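The values are calculated or read from the model by the stated rules, or taken from the named source; none is laboratory data. Worth saying up front: this structure is predicted, and the values here are computed from it rather than measured. All Cβ positions, even for glycine, are placed from backbone atoms using ideal geometry, and neighbour counts span all protein chains on display. Please note that ligands, DNA and RNA were not included when accessible areas were found on the heavy atoms of the full protein model with its side chains. Shrake-Rupley method; radii C 1.70, N 1.55, O 1.52, S 1.80 Å.
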Amino acid sequence: MEQAEAASSSRKLALPVWRPGLKTKRYLFIYSCLLIPLLFFVIVRVLPILYSFHVSFRQWDLLSQTKPFVGLSNYAAIFQDEVFVQTIWNTLIYVVAGVPGQLAAGLAVALLLQRIVRFRSFFRTIYFIPYITSVVAVSWVFRWILMKNGVANGLLLELGFSAQPFLYSPSQAVYWIIIAVIWQNIGFQMLVFLAGLENIPRLYYDAASIDGAGRWRKFIHITLPLLNPVLLFSVVIASIGFLQTFTQVLNMTGGGPLNSTNSIVLYIYNRAFKSFEMGQASAATVVLFLLILTLTILQLKVLNRKVEH
């Protein structure tokens, strides 16, 4: 009898156990799954960026054990370096000339593929293959074609034109690298624009046809305005890609001739792993980070338009 009374009193004193419901369990599972890539992003991206800021304020090389604080000396050193100033101008050329060309090529291919019915998947695959091809392989193929005795000059000579220096010309090399980057990324831009074009209701085009609008007016007043979110995404992605141009430059020209194709990322690579000036390389990395951040914010502010279907 006493044992029963003790058991009943213990049940009365027991605290209520919290049992999450189905909705709570679902949200806990979702946030747990999101936490893993978030931690990966913080470890792989955020922490190295913060560490680069730290290194940029120190005299940091791989041979010395002491890393004294030098303030803004590394930033002053790179901006006094004519090569770094040249890389900034080269990188801006990549962006200014490359982004419009890449978007125009991708949109043109997407518009053409949207009009065909047969073999559409085949042509999509053909245009997308360069995007998944090794950048190194594509760069060396372009380098082989544009050699002094390469395929391009062979065709020019057969057609009666004079041979061109291509990658050996300070005035031409940067644009041939831009062409190589554009050619490889047409497939990605094509898919992005195709997704945007397929989301535009055909009703607008039918109504415009009834009003007598031609293809050009439809493109200007219907296609471009309704593609604004896609255009904004493509501009930002393409700009970041051209600002980080590295592999094509390294394999096609090595930054030459006369640093005419040298990019900021290649400058960082040379300062860090050839000159072992990690402080100056980190300072250049911070400059590139701020340049990407500023340009992205400006693009989001200027190009973002509210679109209503």
Residue match in region 93-108 (condition: hydroxyl-bearing (Ser, Thr, Tyr) and farther than 23 Å from Thr245 by Cβ): no
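Yes or no, residue by residue, for (1) basic (Lys, Arg); (2) closer than 19 Å to Leu63 by Cβ:
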residue: Gly255; (1), (2): no, no
residue: Thr261; (1), (2): no, no
residue: Tyr269; (1), (2): no, yes
residue: Phe276; (1), (2): no, yes
residue: Gln280; (1), (2): no, yes
residue: Ala284; (1), (2): no, no
residue: Phe289; (1), (2): no, no
residue: Thr294; (1), (2): no, no
residue: Arg305; (1), (2): yes, no
Unmet criterion (only one of (1) open to solvent by less than 10 Å² (accessible area, probe 1.4 Å); (2) within 21 Å of Val99 (Cβ to Cβ); (3) not polar (S, T, N, Q)) for Ala284: (2)
Residues located in region 49-76, provided they are hydrophobic (A, V, I, L, M, F, W, C), surrounded by fewer than 18 Cβ atoms within 10 Å (Cβ to Cβ) and touching a residue at least 24 places away in the same chain (Cβ under 8 Å): Ile49, Phe53, Leu62, Leu63, Val70
Ile177 being in the same structural domain as Ile129 (by TED's automatic domain parsing), of a type in the set (Val, Ile, Thr) and assigned to a helix (DSSP H, G or I): yes
